[in-house]
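Peer 1: One structure is given below, represented as structure tokens, and several questions about it will come after.
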Amino acid sequence: MRSLQAEVEEFLKKHGSGVDAQSIVNDVEKGVAYKKIPCQQGDLHLIRLYHPVIMRQEMFLGNVLFNAYLGLAMKHTLESELDIDVLPVFNDLSSYYFLVHTVTSLNDLIEKIKNSWIDGLEDLYFSEPSDGETDEYAGKGYYGRFSTMLQNYFKSNIQPFPLMIVPIGYARKLERRIRQYLLEMLESGDWQKQIANFTANFSFFYGQTSGGTGDVQSCPNFLRRLVAEYHVIEPKEMIAAFNLPAGTDFTDPETKNLIQSKLFQKGDPAYYPDGLKQVFKRALQHFADSIESSNPEEDAISDWLFRYHREKGVFLDETPEKLMNQLAAGVTIAGRSVSDVQSESTEESCLLCGCYPAKLQGATILASDSFSKFHNHSINRGNNEKRICLNCALYAYLNIKFTGSKGAGMGQVPRQGNVVFHYGSYTGNEIEEMIKTFEEQSGRVFAKPNKDIKMESSELLDDMDWFFSQSKFQNLKSMFRGNDGGEAYLFPIEFGTRQLLLFVLPGLDDDVQKRFNQNWYATRQLLSWLTEIGGKAGPYYYLSLPHPQQVIQNKSVLVINGKEFDTETQLQLHDLYLQVVPELSQSRLKDGFKHQMMMAERFQADPLGRLSDELRFWMSEGKLSADRRERFFTVYGKIQEILEMEGLRNAN
């Protein structure tokens with residue numbers, strides 16, 4: 001792989017600049033915001049797009065995705081829409097560096113970039129790429145699928161979707177995407193298996209009233225009222241679909257219970273699938289006809305366009321231009337702020353990030369059901385007080401669009417997982433092959449747990465039998481047995497010749513996750529697997545943020561909890577450890593697993609000391625055969641050689 005210095009030098013020479021390329025690389029490593037570079041014609045600029053990442057788990061991934069949108073949209077605008085020669089130099093989670101040769105003034109460039117962000121905002125919200133369009137969408141910073149946001153919730157008496165961050169002007173596009181999702185589900189062969197998810201979406205988005213005999217929170221009641229009050233469905237159609245008695249009175253609220261019993265009966269359906277399918281399709285077509293024929297400019301908005309939510313004021317009453325201006329409040333290009341938003345001194349700060357003014361009420365779908373417990377002054381706020389800023393709300397939205405949501409307690413919350421970052425230089429075909437391999441293997445590693453078996457955290461800790469299988473996949477599968485059932489993703493942020501890859505893995509129960517993060521063996525086992533997919537060249541980051549110097553120098557290191565380790569050395573130690581420790585620990589205590597955990601957690605601090613203790617114990621017990629003893633001492637010698645050669649004992 002060519003060095004970054006060589007790439008920069010070629011670009012500088014192309015435009016007649018005699019500036020030393022290494023000085024530009026040094027400026028990037030130091031975090032310089034802007035530098036004007038002398039050249040023969042036009043202007044040559046080193047420009048940094050910067051937007052800090054909020055270091056809070058609920059917001060982190062969404063913030064990274066938003067920054068990717070800003071950086072890749074800027075790249076696309078400079079390369080494709082303006083007559084500009086540009087070299088994407090480097091990016092991390094918060095910075096995107098460009099070398100730009102242009103005759104356009106810097107102020108005009110910034111204005112054009114801002115406009116491109118506004119123009120692309122709707123696709124940021126609602127992109128739904130087909131299989132062949134994923135790369136094209138990702139190249140513009142659109143990650144995830146809108147349909148992911150509508151999955152995995154099964155009741156509408158909660159807030160399952162973050163409507164509060166959707167501008168009211170996007171309501172029609174939102175409704176079309178929802179209707180598309182529901183119609184595609186109806187046409188799928190197993191839509192009946194998803195009946196709870198379908199009905200939750202159907203009533204939540206199209207229901208007209210709430211509470212008591214309302215229908216937003218109850219699809220059976222909504223179906224009853226579609227006949228009795230809205231006159232969308234004929235009584236005979238509903239009677240036939242649910243095999244109801246002739247003459248059923250749909251004005252009677254008790255009819256809801258009859259529909260509900262048939263709709264959600266366990267086992268074989270108590271309704272006629274084809275008949276109910278036609279009821280839903282007819283209703284959706286009626287909604288579409290009413291919405292598309294209405295004219296919002298004449299204040300004639302269809303009741304079927306989120307009437308209940310509009311009347312409750314749930315949608316965001318901001319234009320895309322004003323919203324983008326507020327979202328960009330912390331963004332700088334070449335050290336210049338791109339937003340003119342100024343917070344008033346009387347405005348309360350967001351309870352999540354503390355950076356921007358709170359504009360929205362708190363909701364579990366935005367930040368989980370415990371988001372306010374870390375902020376003491378929140379106890380003085382009423383339930384209707386504004387608690388969350390627009391930025392954090394959008395980050396939650398983007399997180400859900402990418403990884404989905406899950407049920408938690410009495411609400412729906414964004415999924416939170418483990419993220420591993422890796423930098424490497426790959427072709428498009430190589431990335432495609434890596435993603436394919438990762439999807440195949442992660443499907444085995446992160447298979448969803450049996451929902452019929454519920455285990456407490458302590459049981460999970462005792463049950464994760466990590467070491468007895470020689471299969472790496474089985475070891476990893478055991479480690480992640482308590483995962484939250486989410487999917488695993490590998491996606492690149494392709495910027496320049498060094499791609500930033502994000503491995504997004506399912507989260508674990510809090511207690512298990514903490515134990516996992518502290519365990520030497522567990523973290524190396526995980527990274528050993530990922531290096532097989534992405535290769536050992538380039539840095540990997542777990543529980544750490546990318547560092548420009550490590551990336552630019554293309555160091556082959558594992559950075560864990562902020563500490564840098566040589567990749568080859570750590571993987572060798574891991575493989576040697578795996579050869580002896582499980583066997584030594586298998587009968588050491590009544591619960592050999594706990595002993596292995598103890599050894600793994602202490603192994604990093606004093607590898608030879610831990611192995612020496614184990615060997616002495618087994619020798620004193622007279623349970624080491626000559627062959628086994630020779631093999632263990634061979635492994636011991638190899639570990640000692642590695643430690644002495646790399647100096648890891650002092651480094652750790």
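The values are calculated or read from the model by the stated rules, or taken from the named source; none is laboratory data. Here the structure is a predicted model, which is why all the values come from computation and not from measurement. Cβ placement follows ideal geometry from the backbone for every residue including glycine, while neighbour counts extend to all protein chains displayed. SASA here: full protein model, heavy atoms, side chains in, ligands and nucleic acids out. Shrake-Rupley method; radii C 1.70, N 1.55, O 1.52, S 1.80 Å.
Peer 1: Kindly indicate the residue of the range 19-38 that is out of contact with any helix residue (DSSP H, G or I) (no Cβ under 8 Å at 6 or more places or on another chain), open to solvent by 30 Å² or more (accessible area, probe 1.4 Å) and not in a strand (DSSP E or B) and also nearest to Ile333 (Cα to Cα) among those meeting that condition.
Peer 2: Applying the filter and picking the extreme gives Ala33.
Results for (1) at pLDDT 90 or above; (2) open to solvent by 20 Å² or more (accessible area, probe 1.4 Å); (3) over 30 Å from Val100 (Cα atoms), shown as yes or no for each residue.
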residue: Leu476; (1), (2), (3): no, no, yes
residue: Gln499; (1), (2), (3): yes, no, no
residue: Leu502; (1), (2), (3): yes, no, no
residue: Phe516; (1), (2), (3): no, no, yes
residue: Tyr521; (1), (2), (3): no, no, yes
residue: Glu532; (1), (2), (3): yes, yes, yes
residue: Ala537; (1), (2), (3): yes, yes, no
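Peer 1: For the range 399-422, what are the residues that are in a helix (DSSP H, G or I) and either open to solvent by 10 Å² or more (accessible area, probe 1.4 Å) or under 22 Å from Leu527 (Cβ atoms) (or both)?
Peer 2: Of everything in the range 399-422, those that are in a helix (DSSP H, G or I) and either open to solvent by 10 Å² or more (accessible area, probe 1.4 Å) or under 22 Å from Leu527 (Cβ atoms) (or both) turn out to be Phe402, Thr403.
Peer 1: How many of the residues in the range 147-180 are in a helix (DSSP H, G or I) and surrounded by 21 or more Cβ atoms within 10 Å (Cβ to Cβ)?
Peer 2: Of the residues in that region, 7 qualify.
Peer 1: When only residues in the range 265-299 that are open to solvent by 80 Å² or more (accessible area, probe 1.4 Å) and at pLDDT 90 or above count, which is farthest from Ala196 (Cα to Cα)?
Peer 2: Ser293
Peer 1: For the range 629-652: of the residues being modelled with pLDDT under 75 and either more than 21 Å from Glu568 (Cα to Cα) or small (Gly, Ala, Ser) (or both), which is most open to solvent (accessible area, probe 1.4 Å)?
Peer 2: Ala651
Quick grid of which residues meet (1) modelled with pLDDT of 95 or more; (2) more than 18 Å from Glu79 (Cα to Cα); (3) part of a helix (DSSP H, G or I); (4) of a type in the set (Gly, Ala, Ser):
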{"position": "Leu99", "(1), (2), (3), (4)": "yes, no, no, no"}
{"position": "Asp119", "(1), (2), (3), (4)": "yes, no, yes, no"}
{"position": "Pro129", "(1), (2), (3), (4)": "no, yes, no, no"}
{"position": "Asp135", "(1), (2), (3), (4)": "no, no, yes, no"}
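Peer 1: Let me ask another. Could you list all residues from the range 116-137 that are touching a residue at least 60 places away in the same chain (Cβ under 8 Å), hydrophobic (A, V, I, L, M, F, W, C) and either at positive phi or open to solvent by less than 20 Å² (accessible area, probe 1.4 Å) (or both)?
Peer 2: Trp117, Leu121, Leu124
Peer 1: Still on this structure, please answer the following. Which of the residues belonging to the range 340-360 are open to solvent by 20 Å² or more (accessible area, probe 1.4 Å) and small (Gly, Ala, Ser)?
Peer 2: Correct list: Ser343, Ser345, Ser349, Gly354.
Peer 1: Additional query: Does Phe202 meet the test of being under 13 Å from Leu263 (Cα atoms) and either in contact (Cβ under 8 Å) with a residue 12 or more places away in the chain or open to solvent by less than 60 Å² (accessible area, probe 1.4 Å) (or both)?
Peer 2: no
Peer 1: Quick check on Met59: is it modelled with pLDDT of 95 or more and either in a helix (DSSP H, G or I) or hydroxyl-bearing (Ser, Thr, Tyr) (or both)?
Peer 2: no
Peer 1: Would you mind telling me which numbered condition in (1) open to solvent by 50 Å² or more (accessible area, probe 1.4 Å); (2) in a helix (DSSP H, G or I) Met185 fails?
Peer 2: (1)
Peer 1: Could you say whether any residue in the range 58-81 is more than 21 Å from the chain's Cα centre (by Cα) and of a type in the set (A, V, I, L, M, F, W, C)?
Peer 2: Scanning the range 58-81, I find at least one residue that is more than 21 Å from the chain's Cα centre (by Cα) and of a type in the set (A, V, I, L, M, F, W, C), so the answer is yes.
Peer 1: Still on this structure, I have one more. Which residues, counting only those in the range 43-52, are touching a residue at least 60 places away in the same chain (Cβ under 8 Å) and open to solvent by less than 40 Å² (accessible area, probe 1.4 Å)?
Peer 2: Result: His45, Ile47, Leu49, His51.
Peer 1: Let me ask something else about it. Write out, first by first residue and then by second, each pair whose Cβ atoms fall under 7 Å of each other, whose residues are 6+ apart or on separate chains, and whose first residue, in the range 213-238, is charged (D, E, K, R) while the second is surrounded by fewer than 22 Cβ atoms within 10 Å (Cβ to Cβ) and not in a helix (DSSP H, G or I).
Peer 2: Pairs found: Asp215/Gln208; Asp215/Thr209; Arg224/Phe250.
Peer 1: Which number in (1) more than 18 Å from Pro539 (Cβ to Cβ); (2) at pLDDT 90 or above; (3) of a type outside the set (A, V, I, L, M, F, W, C) marks the one condition that Tyr426 misses?
Peer 2: It fails just one condition, (1).
Peer 1: Let me ask you something else. Mind listing just one residue for me: the one in the range 302-344 that is under 25 Å from Gly71 (Cα atoms) and of a type in the set (D, E, K, R) and, of those, modelled with the lowest pLDDT?
Peer 2: Asp340
Peer 1: Which one of these is open to solvent by less than 10 Å² (accessible area, probe 1.4 Å) and in contact (Cβ under 8 Å) with a residue 40 or more places away in the chain: Val331, Val314?
Peer 2: After ruling out the rest, the residue left standing is Val331.
Peer 1: Which members of the range 246-264 meet the condition of being within 22 Å of Lys155 (Cα to Cα), open to solvent by 40 Å² or more (accessible area, probe 1.4 Å) and among the aliphatic types (A, V, I, L, M)?
Peer 2: If the condition is that a residue be within 22 Å of Lys155 (Cα to Cα), open to solvent by 40 Å² or more (accessible area, probe 1.4 Å) and among the aliphatic types (A, V, I, L, M), then Leu258 is the only one that fits.
Peer 1: Among the residues of the range 55-69, what is the count of those that are among the polar types (S, T, N, Q) and either in contact with a His (Cβ under 6 Å, 6 or more places away or on another chain) or surrounded by 22 or more Cβ atoms within 10 Å (Cβ to Cβ) (or both)?
Peer 2: So the count comes out to 2.
Peer 1: Among the numbered criteria (1) in contact with a strand residue (DSSP E or B) (Cβ under 8 Å, 6 or more places away or on another chain); (2) aromatic (Phe, Trp, Tyr); (3) in contact (Cβ under 8 Å) with a residue 60 or more places away in the chain, which one does Phe98 miss?
Peer 2: All conditions pass for Phe98, except number (3).
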